[in-house]
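Here is the structure we will look at, set down as structure tokens.
None of the figures in this text is laboratory data; all of them are computed from the coordinates on show. Note that the structure is predicted; figures quoted are calculated from it, not measured. Here the Cβ positions follow ideal geometry from the backbone for every residue, glycine too, while neighbour counts run over all protein chains shown.
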Amino acid sequence: MTHIDRRTIMALSTGALMSSLVPAAVSAAINPAPVGKPGDFDFLTGEWRIHNKFREGEKWIEFPGEATVVGILAGIASIEELRIPARGFSGMGLRLLDVEKKIWSDHFVNARSGVVAVPGQLGVFEDGAGTFLSEGAEGNGAPELYRGVWDRITPNSCRWFQGTSRDGGKTWDDNWFMDWARVA
């Protein structure tokens, strides 16, 4: 019987997971430049306190959160545990670099379901910001684009925000802002 160590099993499993999560074809609306590289998410590794501003209908609500982020596999994977006790919410961000295509995929797992959101958002970092896009459809079947952006990146802070576009990305309705502050 051939002996396979734990690291080999993890590497093989991660490769299979990445191939199942990163779509083979990218929509014309989602066409990031192939400039992703290992370590792009290293800025996020560590412990964080997060100020959330989220829109529910016409009302903005604000609440605290926190996260622990770990980079693994020589910078081609980043795992985030997000905790928002004030909202009874937690989840996991999973970011993976397709090394061959040089494009990142960004997925989320809600702790209530334990299901990886597929497809995830695809994107890269350019000019100090990471922009990640995915497609979907609203209740009536009309196409939508979803965007998540990492910007304002410094050694001790960053921001993430999300939005929706119903006009192919010409305009965006941003509805969640997260200002991250590193825990010293």
Exercise. Tell me which aspartates and glutamates have Cα within less than 20 Å of Lys59's Cα, excluding those fewer than 8 residues away on the same chain?
Worked result: Asp173, Asp174, Asp179
Problem set entry | Under Karplus coefficients 6.51, -1.76 and 1.60, residue-wise ³J(HN,Hα) of the stretch 165-177 in Hz, glycine/proline x | 10, 10, 10, x, x, 6, 10, 10, 9, 7, 10, 8, 10
Exercise. Which value, in nm² and rounded to one decimal, describes the direction-averaged projected area of the C-alpha convex hull of the stretch 132-184?
Worked result: 4.2
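If we count other beta carbons within 10 Å of each Cβ, what is the order of His51, His107, fewest first? Present the calculation step by step, with values, prior to reporting the outcome.
On the way: His51 14, His107 19.
The fewest-first ordering by Cβ neighbours comes to His51, His107.
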Exercise. Length gain on complete extension for the stretch Ala181 to Glu56, per 0.36 nm per residue less the alpha carbon to alpha carbon distance?
Worked result: 42.6 nm
Exercise. Fully extended, how many nm does the chain gain between Glu126 and Thr154 (0.36 nm per residue separation, minus their Cα-Cα distance)?
Worked result: 8.6 nm
Problem set entry | Positive-end residue of Ser165, Trp176, Val118, charge dipole of the stretch 33-178 with Cβ unit charges | Trp176
Problem set entry | 28 Å Cα-Cα threshold exceeded, pairs from Lys101/Lys170; Lys53/Lys102; Lys102/Lys170 | Lys53/Lys102
Exercise. What's the extension gain from Lys170 to Ala33 if we count 0.36 nm per residue and subtract their Cα-Cα distance?
Worked result: 47.5 nm
For this session: Amide H neighbours of Phe89 under 5 Å, at least 5 residues apart or on other chains, H built in the peptide plane: list them.
Result: Ile84
Problem set entry | Calculated from backbone phi, Karplus (6.51, -1.76, 1.60) coupling profile of the stretch 154-162 in Hz, x at Gly/Pro | 10, x, 10, 7, 6, 9, 10, 9, 10
Problem set entry | GluC sites (Glu not before Pro) within the stretch 80-184: DSSP coil, no more than 12 neighbouring Cβ in 10 Å | Glu100, Glu138
Exercise. Where does the stretch 47-184 land on Rg(C-alpha)/(2.2 N^0.38 Å)?
Worked result: 1.06
Seminar exercise, completed: Along the stretch 141-148, Karplus-curve 3J(HN,Hα) (6.51, -1.76, 1.60; θ = phi - 60°) to the nearest Hz, with x for Gly and Pro, reads x, 5, x, 9, 10, 10, 10, x
Problem set entry | Rounded Å value of the spacing that divides the Cα centres of the stretch 37-68 and the stretch 120-166 | 13
